[in-house]
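Contents: one structure, followed by commentary.
The values are calculated or read from the model by the stated rules, or taken from the named source; none is laboratory data. The structure displayed is predicted, hence computed values, not measured ones. For neighbour counting, all protein chains shown are included, and Cβ atoms are generated from backbone atoms with ideal geometry for every residue, glycine included.
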Amino acid sequence: MELFGIRIDSVTRAEALDQIIRACQDQASLQVITANPEIALAAKEDPALRDLINSAGLVTPDGNGILLAARLLGDRLPERVTGIDLAEDLCRISGQKDLALYFLGGKPGVAQAAADRMARLYPGVRVVGSRHGYFRGHEEEVLADIKAAHPDILLVGLGAPAQESFIRRWQKDLAVPVAIGVGGSFDVMSG
Ligand code: UDP
């Protein structure tokens, strides 16, 4: 459906997860955006952001505000699918599905703390790298580190829409099948 000029895909959390797993298996290039009311409103005023969102492979409804707005427009979206939902689901299945994850973002130490906590919660989780999100002027180093780690899925927590722009700019170059903007999820996941 369309909301404020942006496309929101009518997917459940389980369907979104399936699509992500399939993209990894197919070695596709899938950008996942979890659209919350803030980014939807920002896109309304920003045609470039709107185009970016509308050309992403998967745009999930992130937040009750989005579900409510859809309903007012006479449409129904099945449920909220947030960045942290997807991040935690992926950690849970990562070992079993042999999916390698990379955590990028948050203050120094936070992404690694999130990886450590996920390893305790979900034994077998494969986090192949982590890095903080304050790397202006050191982009080359960050990109090289991600490339060397060969993740299947890159979780980017730089805040929206910076993380969406980062993913669009670099995903192909990084050859990462799936990249997802997860906002402040690492702050929560780190405990
Ligand atoms: N962040 C970052 N680099 C920056 C700016 C922000 O890694 O240059 C991180 C910040 O530490 C936080 C996240 O991005 O973990 C933004 O979280 P917030 O909840 O504000 O974003 P939202 O979920 O609303 O997009």
### Query
So which pairs qualify, if the first residue must be in the stretch 6-20 and in contact (Cβ under 8 Å) with a residue 40 or more places away in the chain, the second must be small (Gly, Ala, Ser) and outside any loop (DSSP other than H, G, I, E, B), the Cβ gap must be under 6 Å, and the two must be at least 6 apart or on different chains?
Ile6/Ala40; Ile6/Ala43; Ile8/Ala35
### Query
Are any residues in the stretch 54-74 among the acidic types (Asp, Glu) and at pLDDT below 95, and if so, which ones?
none
#### Entry: Any pair with Cβ under 7 angstrom, 6 or more apart, that starts in the stretch 70-90 at a residue that is under 13 Å from Asn36 (Cβ atoms) and ends at one that is among the acidic types (Asp, Glu)
Arg80/Asp62; Val81/Asp62; Thr82/Asp62; Gly83/Asp62
### Message
Which residue is nearest to the ligand (Cβ to nearest atom), if the candidates are limited to the stretch 68-87 and must be among the small types (Gly, Ala, Ser) and either in contact with a helix residue (DSSP H, G or I) (Cβ under 7 Å, 6 or more places away or on another chain) or part of a helix (DSSP H, G or I) (or both)?
### Response
Gly83
### Task
Mind checking which helices (runs of 4 or more DSSP H) fall wholly inside the stretch 88-191 and carry at least 1 residues that are away from the ligand (no atom under 15 Å from the Cβ)?
110-121, 139-149, 162-174
### Residue selected from the stretch 3-21 under the condition in contact with a strand residue (DSSP E or B) (Cβ under 9 Å, 6 or more places away or on another chain) and not aliphatic (A, V, I, L, M), by the criterion farthest from Ala56 (Cα to Cα)
Arg13
### Message
Looking for something of a type in the set (S, T, N, Q) and farther than 23 Å from Ala14 by Cα - is there at least one such residue anywhere in the stretch 112-121?
### Response
yes
### Message
Quick check on my filter: what residues within the stretch 1-45 are within 16 Å of the ligand (Cβ to nearest atom) and under 23 Å from Leu72 (Cβ atoms)?
### Response
Ile6, Ile33, Thr34, Ala35, Asn36, Pro37, Glu38, Ile39, Ala40, Leu41, Ala42, Ala43
### Query
Quick one: in the stretch 88-145, which of the residues that are crowded, with 16+ Cβ neighbours inside 10 Å and hydroxyl-bearing (Ser, Thr, Tyr) is farthest from Ala175 (Cα to Cα)?
Tyr122
### Task
Filter the stretch 33-61 for residues that are crowded, with 20+ Cβ neighbours inside 10 Å and touching a Gly at 6+ places or on another chain (Cβ under 7 Å) and give the result.
Ile33, Thr34, Asn36, Ala43
